[in-house]
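Take this structure first; my questions come after.
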């Protein structure tokens, strides 16, 4: 009898703790894989990640979501969106950041189901992020009722200031490189919102600064439990861990924060997203492009008659990548073609968006794959389109294949007035490709590289 009473006592304590630590993230693997994959900086693009990085100084004071299933709104609107705006607007100190912190309740009121009158049912992270994109949010102080506060037309207008431009997923649920993808985003100053399963007593009742699961705790049948949403605000290579902020108040763990070791993060995290600001349109584009062999040697190029060509010849089977940078938000499309007019898509893949945000470095086709030179004694052509507008590449390739003549001439016929006039483009004389161009009289800049083969 005494053992039964003790068991019931500890069960009650656990359930009581859980009742004070609600979750509410609906994990959806099908919806997640349909979100475009982020174009995060690549190792091959000479990106050196700092050993440690933290955005904690931009984070508002941790709060408690209480008895409501609103974690996705807290992680996206209150934490991540506020961290982004604190950096952008140079808010100084916790007091100023808290004053401008985004309201999670505004977002949840926009996304909750019709029957969810008491804000208990939770939602998916994608739905919360889409609400931030479409509606934004307002300050916490102007929308502070946890559930059921009506949204006035005046508040909807104010909420536009907190809109995001876009969001992207960082990896697939079964990826083996989740940790690296998140570190790259954090090092760019982007907080990462994550959906995970953390229904563990050691996590729910955490009191220390580092999460240490109990022995065999992660071996139990935890994948049937509900999901939760958190925000990653930093990483530390000495600790081999991410620092996350939770919506369970300052009495949880280390004043609302905890370090989650990489090894556990890799196993229990199934969704991760970064968000982007709304970019103002500009009247110019600028960027660089270089080709590197698989052994790391750059392929020298020279400008000739409106296109680039390699100064050396290469054998069939040679592997190379393209390293591309852009200064302004831009759509990137890349394909290859040969003298037989056979075209092959290089970028974007089906899972990736062609849109690159400001000041990005990207590897084409991607970090794990190369472009291979095929038939000998011919010339291959690589075409990269820097575009201010979204294009339908399959249709473009079909039109190009239907025409005869040089590739540049065919591109000019198909794209016509959308091309930036040559006199508005400035190419710098270097071994790679570096350019600036005005876009007031056109929106697309084609860069063609002829690869000579032995």
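The values are calculated or read from the model by the stated rules, or taken from the named source; none is laboratory data. Model, not experiment: these values are computed from the prediction. Every residue, glycine as well, gets a Cβ built from its backbone with ideal geometry; the counts of neighbours run over all protein chains shown.
Please go through the stretch 300-317 and pick out each residue that is closer than 11 Å to residue 433 by Cβ and surrounded by 16 or more Cβ atoms within 10 Å (Cβ to Cβ).
Answer for the stretch 300-317, where residues must be closer than 11 Å to residue 433 by Cβ and surrounded by 16 or more Cβ atoms within 10 Å (Cβ to Cβ): 301, 307, 308.
So, one more: For the stretch 342-382, enumerate the residues that are on the phi > 0 side of the Ramachandran plot and either more than 23 Å from the chain's Cα centre (by Cα) or not assigned by TED's automatic domain parsing to the domain that holds residue 392 (or both).
377
Then there is this: Would you check which residues across the stretch 152-175 are in contact (Cβ under 8 Å) with a residue 40 or more places away in the chain and assigned to a loop (DSSP other than H, G, I, E, B) and list them?
163, 164, 165, 170, 171, 172, 173
Looking only at the stretch 270-283, count every residue that is exposed (fewer than 14 other Cβ atoms within 10 Å of the Cβ) and within 17 Å of residue 424 (Cα to Cα) and tell me the total.
Summing the residues that are exposed (fewer than 14 other Cβ atoms within 10 Å of the Cβ) and within 17 Å of residue 424 (Cα to Cα) in the stretch 270-283 gives 1.
If I ask for residues that are under 27 Å from residue 419 (Cβ atoms), touching a helix residue (DSSP H, G or I) at 6+ places or on another chain (Cβ under 8 Å) and part of a strand (DSSP E or B), which ones from the stretch 288-309 would you list?
Answer for the stretch 288-309, where residues must be under 27 Å from residue 419 (Cβ atoms), touching a helix residue (DSSP H, G or I) at 6+ places or on another chain (Cβ under 8 Å) and part of a strand (DSSP E or B): just 307.
Exactly one condition in (1) under 23 Å from residue 360 (Cα atoms); (2) touching a residue at least 60 places away in the same chain (Cβ under 8 Å); (3) in contact with a strand residue (DSSP E or B) (Cβ under 9 Å, 6 or more places away or on another chain) is false for residue 329; which is it?
The failed condition is (2).
Next question, about the same structure. Of all residues in the stretch 61-103, count the ones that are crowded, with 19+ Cβ neighbours inside 10 Å, under 15 Å from residue 141 (Cα atoms) and without any contact (Cβ under 8 Å) to a residue 60 or more places away in the chain.
4
How many of the residues in the stretch 346-355 are modelled with pLDDT under 90 and not in a loop (DSSP other than H, G, I, E, B)?
Number of matching residues: 2.
Can I ask one more? Report the residue count in the stretch 316-338 for those that are assigned to a loop (DSSP other than H, G, I, E, B) and closer than 19 Å to residue 358 by Cα.
3
Could you tell me how many of the residues in the stretch 263-287 are part of a strand (DSSP E or B) and over 18 Å from residue 360 (Cα atoms)?
Of the residues in the stretch 263-287, 4 are part of a strand (DSSP E or B) and over 18 Å from residue 360 (Cα atoms).
Go through 154, 121, 220, 177 for me and flag whichever is surrounded by fewer than 16 Cβ atoms within 10 Å (Cβ to Cβ), assigned by TED's automatic domain parsing to the domain that holds residue 75 and under 24 Å from residue 257 (Cα atoms).
Going through 154, 121, 220, 177 in turn, just one is surrounded by fewer than 16 Cβ atoms within 10 Å (Cβ to Cβ), assigned by TED's automatic domain parsing to the domain that holds residue 75 and under 24 Å from residue 257 (Cα atoms): 177.
A further question on this structure: Somewhere in the stretch 128-138, is a residue under 20 Å from residue 61 (Cα atoms) and either modelled with pLDDT of 95 or more or out of contact with any helix residue (DSSP H, G or I) (no Cβ under 9 Å at 6 or more places or on another chain) (or both)?
Yes, the stretch 128-138 has at least one match.
Just checking, which of 245, 210, 192 is free of Cβ contacts under 8 Å to residues at least 60 places away in the same chain, touching a strand residue (DSSP E or B) at 6+ places or on another chain (Cβ under 8 Å) and closer than 30 Å to residue 276 by Cα?
Result of the check over 245, 210, 192: 210.
Mind counting the residues in the stretch 418-433 that are in contact (Cβ under 8 Å) with a residue 40 or more places away in the chain and either at positive phi or more than 31 Å from the chain's Cα centre (by Cα) (or both)?
Going through the stretch 418-433 one residue at a time, the tally reaches 3.
Also, quick follow-up: Checking the conditions here, which among 415, 445, 403 is outside any strand (DSSP E or B), modelled with pLDDT of 90 or more, surrounded by 13 or more Cβ atoms within 10 Å (Cβ to Cβ) and at negative phi? First the steps, then the outcome.
Details: 445 fails: outside any strand (DSSP E or B); 403 fails: modelled with pLDDT of 90 or more.
Criteria check complete, one pass: 415.
Shifting gears a bit: Which one of 274, 279 is within 30 Å of residue 436 (Cα to Cα) and touching a helix residue (DSSP H, G or I) at 6+ places or on another chain (Cβ under 7 Å)?
It is 274.
Anything in the stretch 374-386 that is more than 15 Å from residue 335 (Cβ to Cβ) and either free of Cβ contacts under 8 Å to residues at least 60 places away in the same chain or part of a loop (DSSP other than H, G, I, E, B) (or both)? List them, or say none. Can you show your working first?
Here is the first cut: in the stretch 374-386, the ones more than 15 Å from residue 335 (Cβ to Cβ) are 375-379.
Of everything in the stretch 374-386, those that are more than 15 Å from residue 335 (Cβ to Cβ) and either free of Cβ contacts under 8 Å to residues at least 60 places away in the same chain or part of a loop (DSSP other than H, G, I, E, B) (or both) turn out to be 375, 376, 377, 378.
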